[in-house]
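The values are calculated or read from the model by the stated rules, or taken from the named source; none is laboratory data. Values in this document were obtained by computation on a predicted structure and should not be read as measured data. A quick note on method: Cβ atoms are made from the backbone with ideal geometry, for glycine too, and the neighbour counts reach across all protein chains shown.
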Amino acid sequence: MRVIVVEDQALLRDGLVRLFTDKGHDVVGSIGDTDGLAELVAANEPDLVVLDLRMPPTFTDEGATAARSLKADRPELGVLLLSQHIDKASVVDLVAKPGFGYLLKDRVFEVDEFLDAAQRVAGGGSALDPKVVSALLAAQETGPLTRLSVREFDVLQLMAEGLTNNGIASRLSLSARTIEAHVGNLMTKLDITDSDERHRRVLAVLSYLRATR
């Protein structure tokens, strides 16, 4: 996997570079702000760009703005945003895009899970921090989500994080067949057409949540 790291904190930037390198990935660029990022991507053709949400000069939403631009120009490019705190407003229009992830920075210390999420995003999948998913779903306290059972709601949260049926089954200690049944039921209740491609199914759910926020 070819990776570009964009992070203004030098220690974290170096740590991310070392993490990817130590696991056999090729870090083809690392910078401290978004200036020149488009040119760096064009010159190195990465599979994944990992970038901080808040960077110079204003430390507001530079990373989200850059992510939006990158996905517009290169929809197939994996983009993984990192932030210290949850910022729903900056990412709500991005979460339904294939090859996009949004994690809190403390997830980096869970190395195996972080790298799994990074590779999933690079492959066109989704990876959302559980706290981000909870915040998105918490905004849906009325409407169709109220039709879901407690277990179906749990399954929806894990789907939104980007987990496959097998991953959800493992997390909830249930059989894959039981998870398939829950997925079918919640899709019916939310009036969402299922897809054979799992990440597209997740994106459909996220699109629904975004549209009804």
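Right, residue 27: buried (at least 19 other Cβ atoms within 10 Å of the Cβ) and under 13 Å from the mean Cα position of the chain (by Cα) or not?
The answer is no for residue 27.
Take the residues of the range 161-177 that are out of contact with any Asp or Glu (no Cβ under 8 Å at 6 or more places or on another chain), surrounded by 14 or more Cβ atoms within 10 Å (Cβ to Cβ) and of a type outside the set (Gly, Ala, Ser): which is farthest from residue 127 (Cα to Cα)?
174
Restricted to the range 153-185, and to residues that are outside any helix (DSSP H, G or I) and at pLDDT 85 or above, which residue is farthest from residue 133 (Cα to Cα)?
175
Being of a type in the set (Ser, Thr, Tyr) and in contact (Cβ under 8 Å) with a residue 24 or more places away in the chain is the filter here; which residues of the range 17-40 pass it?
Listed by number, the residues that qualify are 30, 34.
Determine which member of the set 121, 79 is touching a Phe, Trp or Tyr at 6+ places or on another chain (Cβ under 7 Å), buried (at least 18 other Cβ atoms within 10 Å of the Cβ) and in a helix (DSSP H, G or I).
The match here is 121.
To keep it simple, each residue is scored yes or no on (1) out of contact with any helix residue (DSSP H, G or I) (no Cβ under 8 Å at 6 or more places or on another chain); (2) modelled with pLDDT under 95; (3) of a type outside the set (S, T, N, Q).
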site: 1; (1), (2), (3): no, no, yes
site: 17; (1), (2), (3): yes, no, yes
site: 30; (1), (2), (3): no, no, no
site: 41; (1), (2), (3): no, no, yes
site: 45; (1), (2), (3): yes, no, yes
site: 55; (1), (2), (3): no, yes, yes
site: 77; (1), (2), (3): no, no, yes
site: 85; (1), (2), (3): yes, yes, yes
site: 93; (1), (2), (3): no, yes, yes
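Among the residues in the range 186-197, are any crowded, with 18+ Cβ neighbours inside 10 Å and modelled with pLDDT of 80 or more?
yes
Tell me which of these residue 44 doesn't satisfy, since it passes every other one: (1) closer than 15 Å to residue 84 by Cβ; (2) surrounded by 14 or more Cβ atoms within 10 Å (Cβ to Cβ).
Among (1) closer than 15 Å to residue 84 by Cβ; (2) surrounded by 14 or more Cβ atoms within 10 Å (Cβ to Cβ), the lone unmet condition for residue 44 is (1).
Suppose we filter 60, 65 for residues that are modelled with pLDDT under 90 and either assigned by TED's automatic domain parsing to the domain that holds residue 161 or farther than 17 Å from residue 161 by Cα (or both); which single one remains?
60
Taking into account only those residues within the range 4-39 that are of a type in the set (Asp, Glu) and in a helix (DSSP H, G or I), which is nearest to residue 77 (Cα to Cα)?
Pass one, the range 4-39, residues of a type in the set (Asp, Glu): 7-8, 14, 22, 26, 33, 35, 39.
Remaining after also requiring in a helix (DSSP H, G or I): 14, 22, 39.
Details: 14: 22, 22: 22, 39: 14 Å.
Across the range 4-39, the extreme among qualifying residues is 39.
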